[in-house]
Structure formats: structure tokens, C-alpha cells
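The block underneath contains the structure these notes are about, expressed in C-alpha cells.
The values are calculated or read from the model by the stated rules, or taken from the named source; none is laboratory data. Since we're looking at a predicted model, the values are computed, not measured. A quick note on method: Cβ atoms are made from the backbone with ideal geometry, for glycine too, and the neighbour counts reach across all protein chains shown.
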There are 2 protein chains.
Amino acid sequence: MDSSQFRTAAHSAIEEIANYYDTIAERPVLPSVSPGYLRPLLPDGPPEEGESWDKIQADIEKVIMPGLTHWQSPKYMAFFPCNASFPGLLGEMYSGAFSAAAFNWICSPAHTELETIVMDWVAKMITLPECYLSKGEGGGIIQGTASEVVVTAVVAARERLIRRRLAHMPESEEKLDKAAEMRGKLVALGSEHAHSSTQKAALIAGTRFRAVPAPRSSSFAVTASALRTTIDACIAQGLEPFYFTATLGSTATCAVDDFAGIATLTSDYPDLWIHVDAAYAGSALVCPEYQHLCAPLAAFDSFNFNMHKWLLTNFDCSAFFIKRRRDLIDTYSIAPSYLRNEFSDSGLVTDYRDWQIPLGRRFRSLKAWFVLRSYGVKGLRGFIRNHVNLGVLFHDLVAGRKDLFTVVTGPEFALTTFHVNPVPSSADAGGGGGGAANRPDARHEAWTNDFTRDAEAKYREDANEITKEVFERVNVQGEFFLTSTVLCGIYIIRVVSATPSAEERWLRRVFEVLVEKAEEVVGERGGKVREKL
Amino acid sequence: MDSSQFRTAAHSAIEEIANYYDTIAERPVLPSVSPGYLRPLLPDGPPEEGESWDKIQADIEKVIMPGLTHWQSPKYMAFFPCNASFPGLLGEMYSGAFSAAAFNWICSPAHTELETIVMDWVAKMITLPECYLSKGEGGGIIQGTASEVVVTAVVAARERLIRRRLAHMPESEEKLDKAAEMRGKLVALGSEHAHSSTQKAALIAGTRFRAVPAPRSSSFAVTASALRTTIDACIAQGLEPFYFTATLGSTATCAVDDFAGIATLTSDYPDLWIHVDAAYAGSALVCPEYQHLCAPLAAFDSFNFNMHKWLLTNFDCSAFFIKRRRDLIDTYSIAPSYLRNEFSDSGLVTDYRDWQIPLGRRFRSLKAWFVLRSYGVKGLRGFIRNHVNLGVLFHDLVAGRKDLFTVVTGPEFALTTFHVNPVPSSADAGGGGGGAANRPDARHEAWTNDFTRDAEAKYREDANEITKEVFERVNVQGEFFLTSTVLCGIYIIRVVSATPSAEERWLRRVFEVLVEKAEEVVGERGGKVREKL
């Protein structure tokens, strides 16, 4: 394909992409294909002779589109969003055009320097403490995902501790043995609601993992005292906690750990690396009303959020900020002669390969730069607040149907979680008699007030079962894509509508569907109960 | 930016990108900016109000372009190439448009299934043994870089060994202790010329690392006997080798380890995970004349090459093949309730998150698919062979000037390495007298025939010094970007011209520049020697 053929092909692709976005709401958000759908549609191997672009492009609509889950659809309300934008896509285009491995400064200076500057812009925009800016000892880097960042932080934390403890020993087999012995006693910590990436990172780093309790009574957040209790329990067992993931917006409910309280512990545990995982909710820090969360971060070691989740920067773009960049460089820097050059040796330039696990790097700062400039800070605030307001609207709809639903958490950062109220079972109905006491809202009230533990367990089991049933019917119906999870034994439905195409009408509509399915299930079960009575 | 503004902006970006490629040979391959050039050119933070695309786009040429190293330029002959192509770029555009985290099958079935199918295509195209195809127990996955792949393999190797050895123990603190003790004795191995990513991966995995000697006498390749000697030395020390990176095309010289010999060791060391790093040279396996290298891979555990290096797929696209996918899944699978779903639970689908370190994944198979289809197998073979032939041409030019240069290795996979012959020093000149014995070619011949070790060391020192001087003058002149390295004490210049825009005239021109600089330095030094005599 020469540049003239590329012009034709690319203009045609741009039209197709623009049309895709114009019509995305009309496509079913979830594909209806079965596992293995694609193989029969494609040949067994690559063609011997090259094919024309027309033929290739036609296959996008024919074989790819039917198998896509449309994360940019307004009907996508699952997991967290993974927002794309047109400026972000333009950034991907230039990044693809300037394709380079760019592991050192000299491998493409603009690549490194734009990243440093744009990460400083982001740090200032979300009011991170000054220590995270590049002008001091800190700075920002773009990595792929929050899970990759967590591994980077966990391994750096492990090695920092070993460097500190074994600084007095000369390099030797004895030192390697001692380091290995220390690693064997290390424990990484995270909220029981922290994303599973912390547990996976501990596994990769070859350390233990312990979950810090974050029960309903503390709004599913880790408190300073819970963290201290867990740390001390580990120490009492001869283990050494070396790392903690503090969460700003947990996956299940968007809980925020008690940063201010946790910050007071850092003087007692100076070797504990505290990393803040704000993967989704961190984007809200563009709004002043959330920025009070940032002050305690000065006491921690690193902070991360995914601009590709809620800040319009096409996947992947995870902004990782470090207080002391040496904590990364001292772990990750290996300089064989073929990577050495006068610029790197001068110490005047940043070689981001020493801040990360992989060597090569994409030019991801371009898309972040385009997004920040195209929207401006005001535009980004408006974008976030629109979703926060839609979250409140949805919450109020759910809270308005106490007969059917119970809100469990939220609205937090546009996320509401809830369960469906159980229908009285025949046993309950027998015990409690008919009438008012069997109304679901009365049952829920009784539960929250003075249920016995047995009754509570029974209620929970019933609620979980019916919620799962309703959830599955909504997803099978296929109009919306939601996710569910289990939170301290409570099966909850999560609704978060924060794609660029989100609108009030879709939240009203998903609520209608939820009500419809819930009433359908309640009706069927109520009928069965009545039959038995 | 709405879709109509996007159309306008994107069409304009496409024109700029096409023009960039049309004129890339006219731009200096290396930028002339100094560290810190960009900051004064940009504001201190993001704008409050959004800016128009015209203004943003203008900054590409104004502030980014002057700081780019042009990896697609025909004058780029450094490191290894990082090839882009127009079909690859079209893939990046669609991938950006279908932005999604896509960690599970249900998160976008096309995303997962196309990757499995395209990796099967690639495996067949390069004639990997059948065990690496997805129809059996193996399969392929696209990761970002070869260095990320190595970490993935090293950690999986470490955990596989522990699972095998501790299978009899129930889950307990005691088992964790035992596993930690085992990890402390593990050693990852790689050729002394293996890419530094193996050493870095061992560090990340918290294990030791040992280099296997690969001296000049074995063409800088690891032989079976060298590997066995290193393994046995580790075992004698109470350590346990668990992983070895075999190299197909080492970074310095494109050396290929003795796969057939190494394959015979696997029955003696069944717990040693052997991973083949073919990052650059693996692309040559599209040509039948290289495919004899593949048969022994059936005895190994995993194989990887970067389609973004020499196979026209824009960065990043690292094709990683595994013989038993369970070796990855058993290590990396963690399934919290929010990631569970009926499809994953069924076991019928691939969840690539369990084959890798990060959770989310870009839709990288699109660009690989577009490249394979646009070029066809024949086109890709022609592409590789053109570079191989250019490499032979360049080698012959260098070998034709025995007075100035000595070829150290190559041409191997388009790479030739060489050093500049030293000028006789005054001491030598004094000892040897003037005349014929001082001619560089005579000196080189003497060295290779019967130099004493002292004379050899002196020769080496002189050769290294003059080669470094010539190398630096070529790079300062700025017309070409080359890299140098030190190989078993020999300072070498590496020339590999394998970008899509590579042409004979550029190789002839870089040779002219090398001759010019070498003659310049030889002239200056010869003059000084003559003055002293």
C-alpha cells in the first residue's frame, strides 16, 4: 500500500469510524455471537498474495462488528467505562504514524519530553501534592493499565525495602541469600475490596498477600485502625508488610479508603510503600469538589488513575505518579552497552524504560495532550459532573422504589449498587401471616432493624437469589450491559453510566427494564408463594 | 469535537501523515534538540477552555516534529528497526475507535477470537511446531513487547516449578514458607548476549540471574555444552536453574543459539522452562530458507517475536506462543466475582487476561490481520529478502576495505558488525619500523595470526578507541543513526538497514560516510604517529 492508496483507504476508514459513532446507540451493546463464532468466517491462514483494502475493510462490518461489545455505547453500564473520544483517536493516529520503540530519550526526545510535561499538567489539574511533579524528585509516566502499574509499584516496594535493609552488605552470594530470605517474609496488603490486581501483583513479585477488612460498617473502606491491626498481626506472625494499595474508588462500590487516617500511620511504618489506586474515580479529581481527597497523598509513595476509564483518552493510558523517581530507577535500571549513550549517561534526560517493566514504549502522551487541549479543564469538569448528576438521578429512581429495591451504596462517582428485595418465602409467609408484614419494604425494614442472625442469613440468601435472577434477565434481554458482584456476601447489581454518549433517557430506560424484570420475578415468586399458602 | 468536526480533523491528519511518509527521507533522522527543549515551547498547564483542532494540529509540525527520531526513515540503521506500515496504521485507527479494556471474552468476543486466529495464522506462516497452535494445548497471544513477554515467561516458569514440587502440600503458611525458600534458590539463565530483559525479568521475579558464556569461538551463540556446564555449576552451588532464554538473533550480532543441541538437554532438565527470544530475527521465519530453525522449538516451552520490529506491524505487537497454555493460566488466573461470567465459567472461551500480567488489552490483532492480508505471505517474504540482500551488499562493501575495517559478524538477518582497524601507535611504529608492517591490513593479519596476548590486548584497545571515535563522528554528522556496542571486549559498529524505506543507495551512502570518517581519523592519527617518529 503506497501513500496514495493509504490516503484513499484511510479516508474511507475515517468515514466508517465516524458513522460507527453516529449510530452506536442503535447497535445492540452486547453481541449475540457464541464462543467460536469467528473461526468459520475466516480462512485457515494468511493469503499468499496481498488483498485489496476494499476487501479487507468490508470484513470489519461483516465479521468483526457482530462480535464487538460496544464500550462506547450509552447502553454500556458494566464494570467501569473505557472512554474514547475523537481527540484521543487522533492521538492514536499520530502515535501509530510515529511508530517507534522509544525506550531512551535519544530514541525520540519529543516522545519522552511531552510525556513528562503532560503528566505534570495532569498532576496540577487534579491537584496532586507538589512532590509528584517532575521539577522535584517525583514525576509522572504513562503506563498501559492500572494492573501493570500495581506490579511496577509492588516490585519496586519489595526491592526498596531490601536495598534499605541490606545497604551495609557488599554484593555477594550471601547478600543474595539474605535478600531471598527477606522476600520470603514479605506481605503485600490491600483492601478486601481492592482490585484483584494487587493480589496478582503480589503473586508476580513472589510475595504473600493479605486483605485488610473493609466491612459494611466502615462503608467498605479501609480505616487506619483496620490497616494497623492487619499490619501488626502480620508482624506478630514474623511477616513483614511492605506495600499497601489504598483505594480511591473500589471496583465494587467506589469506596474510598480513609486516606487522612492512613497517612498518620506512615511515620510508624516508614518502609511500607503506599500506592493509591484511583483507576476509575481518579478522573473526578479534575473537579474542585473532590480535590480535598488529594492532600493526604503527600504522605504516600505513588498514585495512579486511568485516563482511559473516565477521562476520554482512548485505551490505554494509565497515569502513574511517583514521589521519588529513584524508587523506580534504582529497581528497574539495567544499562547494557547497546542502550548507553551520551544523553542517558549525562543524567540530564529521563529514560522512561527505567520507570517500568517493559523496555519499549508507545507515544501515548499525544492522545492525552490532544484530549486536555480539546476539552480544556472546564470541558472535562463538565463531562465528569454530567455523569455524577446522572448517577444521582438513577440512584433516586432506585431509592424511590423501596418496595422492589434496596440501595446498598452510592451514588458514588456515578455508581449506584443495589439489590432486589426478596419475596416472602412460603415459610416466612406461614410464620408471619399474610398482610402488611409480607410487603417487601416492611420486610427490609425489619431486617435492618431487629432481625436475628438466622433471619438475616435467610433474608440475605433470598435477596441474593432474586437479585441474581433479575440481573440475569436484564442481561439476557440484551438492551443494556450491566455487571453484578458479591460484596461482603451481598449480591449486588452495579449501574454506572459514564460513557461519552450517556444521557438521562438511557438511565430512565435501564431503570424501566430493571423494574419490569424485578416485577416479573416478584410476580412469579409471589404467585408461587400464594399457591403454597 | 463532534463526528463532523472529527471527519474534518481526521482527514487533515491523514494528509499530514501521508505527507510525512512521502518526505521522511528528507528529514534529519535524529533531532538536533537539546534535553529540555520542549518545556519552554508549551504552557505550564492545560488550557481552561478547549482549543480548536487547527491550533492543536499546527503544533505537531511546530513542536513535536523537531524532537522526533524518525524510526521509519531509510537513514535509521540503529538498534533494530521498528517498522510501521499503512495497513498497520489503519489497524491502529480501528483499534483506537473500538477502544475497550476487553479483558474477558464477553468484553468483546471479536477482540479475543481474532487474536487467537491471527496468532494461529502467524504460527503456521513461520512453521512453528504444531504444539504452539491453539487447537491443541498451546496458542498465541499478542503482548506489548518482548521484554514484557520475558517477564511473563519467567514468572510462569518460577511458579510452574513450585507447583510441581509442592503439589503434595495442602495450602498453608507452611507451603508459602516452603515456596519462598524455593524461590530464593532459583536462577534464570540467558546467553551473555541475551537481551538485558532476561536479567531485568529475573530481578522482577525476585530470582537470581546467570549469564551463559557465548564466546567468539562459538560465534557468540550458546552451545548445549555451555548451557549444561552453567546449569551444573548452579546445581553444584545449591541453586536451581528454572528458566533459560534461548536467543534467535541476539541484540549485538544476531547470533542464534544452538537450538538443536539445547533441545537434547530438555530430558535431563525437565523443569527448565526454555523460552526463545526471536524479537527481531523471528520475522525472517516467514522465508523457507530460515525455517529449518523451527523444528527444535517443539522441545521448548515458549517462543516470541516482535511483529513490530521487522514485520510491518506498528508498535506494539509482540507475538508470544506457548506450548501449554495452562502453564500461564495456572499462574495468572485470579477470578474475583466481578470478573466472573457464564462464558468464562464454561471454560469454552479464552480469557487472555489469564495469559498475561496486565488485565486490560488493546485490540492489537486488527493491525496484524491487516498487515498479513495486505502483503500476503509472498509480500512479506519479499520484504524480508530485500533487507537480507541489502545486508549482504553492505557487508561486501565493508569487507572490500580490509585496510580500514574488519567485519566482526554478519551479514546475519541484515545486520553486519565491524570495527575500524587501528593506526599503528608510535610505540608500535618504533618497534616494527616504518613501511609495510605498519599498513593497517598487515597489522590486522598479524593480530589474527600470531599476536601475543599483550599485543592482542594493545591491538584491541587501539581498535576500540578508533572505532568509537569513528562511530561518534558519524553520529554527530547526523545523516544516519547507527548504534555501537561492546561485544566480548570488542567495540563494534552495528549497521542494520531494514525499514520499509530501505534502499541500496542509502547503504552505499552510509558506507561512504563511514569510509570518509574512518579515513579522516586514520589520517589524523597517522599524521601524529609520523610526527612522533
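Some points to look at:
- Residue satisfying all of: in the range A:107-156; of a type in the set (A, V, I, L, M) and facing chain B (nearest Cβ under 7 Å); surrounded by the fewest Cβ atoms within 10 Å (Cβ to Cβ) among these: A:Met125
- Of the residues in the range A:123-133, at least one is closer than 30 Å to A:Phe383 by Cβ, touching a Lys or Arg at 6+ places or on another chain (Cβ under 7 Å) and not hydroxyl-bearing (Ser, Thr, Tyr).
- Among the residues of the range A:456-474, those that are closer than 12 Å to A:Ile493 by Cα, touching a Ser or Thr at 6+ places or on another chain (Cβ under 9 Å) and not acidic (Asp, Glu) comprise A:Ala463, A:Thr467, A:Lys468, A:Phe471.
- A:Leu372 under 19 Å from the mean Cα position of the chain (by Cα), within 16 Å of A:Met125 (Cα to Cα) and either buried (at least 23 other Cβ atoms within 10 Å of the Cβ) or not assigned by TED's automatic domain parsing to the domain that holds A:Gly144 (or both): no
- Residue count, the range B:149-201 (criterion: small (Gly, Ala, Ser) and either in contact with a His (Cβ under 9 Å, 6 or more places away or on another chain) or not in a loop (DSSP other than H, G, I, E, B) (or both)): 10
- The residue list B:Val222, B:Val187, B:Val286 contains one member that is closer than 21 Å to A:Ala205 by Cβ, among the hydrophobic types (A, V, I, L, M, F, W, C) and either in the same structural domain as B:Ile493 (by TED's automatic domain parsing) or at pLDDT 95 or above (or both), which is B:Val187.
- Residue in the range A:45-79 that is nearest to B:Ala110 (Cα to Cα), counting only those that are in a loop (DSSP other than H, G, I, E, B) and more than 8 Å from every other protein chain (Cβ to nearest Cβ): A:His70
- Residue match in the range A:167-185 (condition: touching a Phe, Trp or Tyr at 6+ places or on another chain (Cβ under 7 Å) and at negative phi): no
- Qualifying residue in the range A:64-79 (condition: modelled with pLDDT of 95 or more, farther than 27 Å from B:Thr8 by Cα and over 29 Å from the mean Cα position of the chain (by Cα)): no
- For B:Pro358, the test of being more than 14 Å from chain A (Cβ to nearest Cβ), in contact with a Gly (Cβ under 7 Å, 6 or more places away or on another chain) and free of Cβ contacts under 8 Å to residues at least 40 places away in the same chain is failed.
- Residue within the range A:232-245 that is in contact (Cβ under 8 Å) with a residue 12 or more places away in the chain and under 15 Å from A:Cys294 (Cα atoms) present: no
- So B:Gly410, is it on the phi > 0 side of the Ramachandran plot and either buried (at least 16 other Cβ atoms within 10 Å of the Cβ) or at pLDDT 80 or above (or both): yes
- Per-region count, the range A:86-106, residues within 7 Å of chain B (Cβ to nearest Cβ) and among the polar types (S, T, N, Q): 1
- Flag for A:Gly91 being in contact with a Ser or Thr (Cβ under 8 Å, 6 or more places away or on another chain) and in a loop (DSSP other than H, G, I, E, B): no
- Only one of the numbered conditions (1) in a strand (DSSP E or B); (2) modelled with pLDDT under 95 is violated by A:Ile141, and that is (2).
- Residue match in the range B:352-366 (condition: within 30 Å of B:Ser250 (Cβ to Cβ), hydrophobic (A, V, I, L, M, F, W, C), in a loop (DSSP other than H, G, I, E, B) and modelled with pLDDT under 95): yes
- When residues of the range A:219-257 are limited to those that are among the polar types (S, T, N, Q) and in contact with a helix residue (DSSP H, G or I) (Cβ under 7 Å, 6 or more places away or on another chain), the one nearest to A:Ala284 (Cα to Cα): A:Thr251
- Restricting the range B:31-45 to residues that are in contact with an Asp or Glu (Cβ under 9 Å, 6 or more places away or on another chain) and not small (Gly, Ala, Ser), the residue that is surrounded by the fewest Cβ atoms within 10 Å (Cβ to Cβ): B:Asp44
- Segments classed as helices (runs of 4 or more DSSP H), wholly inside the range B:420-533, with at least 1 members that are β-branched (Val, Ile, Thr) and either modelled with pLDDT under 90 or exposed (fewer than 14 other Cβ atoms within 10 Å of the Cβ) (or both): B:440-450, B:453-477, B:504-532
- Filter result (surrounded by 22 or more Cβ atoms within 10 Å (Cβ to Cβ) and touching a Pro at 6+ places or on another chain (Cβ under 9 Å)) within the range B:391-403: B:Gly391, B:Phe394, B:His395
- Applying the criterion of being touching a Leu at 6+ places or on another chain (Cβ under 7 Å) and surrounded by fewer than 19 Cβ atoms within 10 Å (Cβ to Cβ) to the residues of the range A:210-237, the residue that is farthest from B:Arg183 (Cα to Cα) is A:Ala224.
- If you go through the range B:16-44 and keep only what is at the interface with chain A (Cβ under 7 Å from one of its Cβ atoms), under 24 Å from A:Arg7 (Cα atoms) and of a type outside the set (Ser, Thr, Tyr), you end up with B:Ile17, B:Ala18, B:Asp22.
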